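The values are calculated or read from the model by the stated rules, or taken from the named source; none is laboratory data. Owing to the predicted nature of the structure, the values given are computational and were not obtained by experimental measurement. Glycine gets a Cβ as well: all are built from the backbone with ideal geometry, and neighbour counts include every protein chain shown. Please note that ligands, DNA and RNA were not included when accessible areas were found on the heavy atoms of the full protein model with its side chains. Shrake-Rupley method; radii C 1.70, N 1.55, O 1.52, S 1.80 Å.
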Amino acid sequence: MQHALSTFLFVNHRLTTAGLERIQNAGFDSVEIFCARQHVDYHDKAQIAELGHWFRDSQLLMHSLHSPLYSDDVWGRSGPNSVLDITEPTKAKRMSVVDQIKRALEIAETVQFRYLIQHIGSPGQETDEYRIDAAFSSLDEIRAFAGQRGVEVLLENIPNTLSSAARLNDFLQHTHLNLGYCFDVGHAHMTNGIAAEFALMKSRIRSTHIHDNDGQNDLHQFPGQGAIDWRHTMSLLHSAPDQYPLLLELKEVPGVKRPAEDAKRAVDDLDRYESSYER
């Protein structure tokens, strides 16, 4: 399987070409850029141009862009209006959210990537019909804007009642939006279980988020540091090896000097774990 890394590992630092060099030199095939303004400011044309020049001369591919979660550069701490929630029922606020996501998608005009990873709602959010209708309106507009730039929208399973595997399937059936999925292993572990969520999502999975946790908290640990059964998880993921990459979405660990290299060893270990299990 192809190996990819999310720049979420460095999300509290500005993304530079030196950071991308480290990911490439670690041996990854491709990268997902996590769109957070303290990391990648999609309004900063100079930063985007610099990254674009680097990718044009690089073997590292940009696989995907994670849609921004906040409009500020402090993880939403500037206030509730900074949260970018496509289920916002108030039309004016929702249109502002969609506009922010469109600005992020314009990165594809400089650096081509295949997928936009999109959340429906926020962690812990409850379902209601107004939010479902708002999500449909938002995604219909985002999908069209993305498609004009050669980008497909993937919905990610997250721990809320809007975005379990079953809810996502119901949403797509109800809205007739033909979208794929990003299967988040850690989030599945926190909700209905990895095997159950994978079975419901499998046919639409086009990308993954690989990380570990204790089953209750979204820790984004390196595989093996939490409670996930990676032997069984890898047997599931390897049932469709050409359908998606193994894409690690890991949290920075203070004091680690070579996080990209450590991440590559972790994903290599997962592949060996699967091979050993098959034997």
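Descriptive notes on the structure:
- Zone of VAL83's modelled label, taken as backbone nitrogen in the stretch 162-193 under 15 Å from a point 7 Å along Cα→Cβ: 162-163
- Each 10 Å bin from 0 upward holds the following percent of the Cα-Cα pairs of the chain: 7, 30, 38, 22, 3, 0.
- Of the beta bridges in the stretch 1-150, as assigned by DSSP with both residues counted there, near 10 percent are antiparallel.
- Ellipticity estimate at 222 nm from DSSP helix runs (n ≥ 4, -39,500 (n - 2.57)) divided over the chain, nearest 500: -12000 deg cm²/dmol
- Counted over the stretch 1-76 with a bin width of 10 Å, the fraction of Cα pairs per bin, in whole percents, is 19, 56, 23, 2.
- Potential lengthening between SER96 and ALA199 on full extension [0.36 nm per residue; Cα-Cα distance subtracted]: 33.6 nm
- Intensity falloff of the stretch 1-138 expressed as log10 I(q)/I(0), Debye formula with alpha-carbon point scatterers, at q = 0.14 Å⁻¹: -0.66
- The label point for GLU50 and the one for SER239, both projected 7 Å from the Cα toward the Cβ, are 4.5 nm apart.
- Full-extension gain in nm, THR161 to LYS257, via 0.36 nm per residue minus C-alpha separation: 30.8 nm
- Computed E for ASP128/ASN12 - FRET, C-beta separation, R0 51 angstrom, nearest 0.05: 0.95
- D_trans [Stokes-Einstein, Kirkwood Rh over alpha-carbon pairs] for the stretch 133-172, 25 °C, 0.890 mPa s, µm² s⁻¹: 223 µm²/s
- Proximal charge balance of GLN2 [Cβ under 14 Å; K/R count +1, D/E count -1]: -2
- Which listed pairs, of LYS45/LYS93; LYS45/LYS264; LYS202/LYS251; LYS102/LYS251, have C-alpha distances above 28 Å, in listed order: LYS45/LYS264
- Kirkwood Rh, Cα atoms: Rg over Rh of the stretch 50-125: 1.04
- Rg/Rh for the stretch 149-188 (Cα atoms only, Rh after Kirkwood) is 0.99.
- Surface analysis of the chain yields an accessible area of 45 Å² per residue, using protein heavy atoms and a 1.4 Å probe.
- Computed over the alpha-carbon atoms, the stretch 167-207 gives an Rg to Rh ratio of 0.97, Rh here being the Kirkwood radius from the mean inverse distance.
- Computed over the stretch 135-248, the alpha-carbon pair-distance distribution with 10 angstrom bins reads 14, 45, 31, 10, 0, each value a whole percent.
- Rg in Å to one decimal, and Dmax rounded to a whole Å, for the stretch 99-159 via C-alpha atoms: 12.5, 38
- Fraction of accessible area attributable to carbon and sulfur, the chain (%, probe 1.4 Å): 46 percent
- For the pair ARG265 and HIS176, a Förster radius of 45 Å applied to the C-beta separation gives a FRET efficiency near 0.55, rounded to the nearest 0.05.
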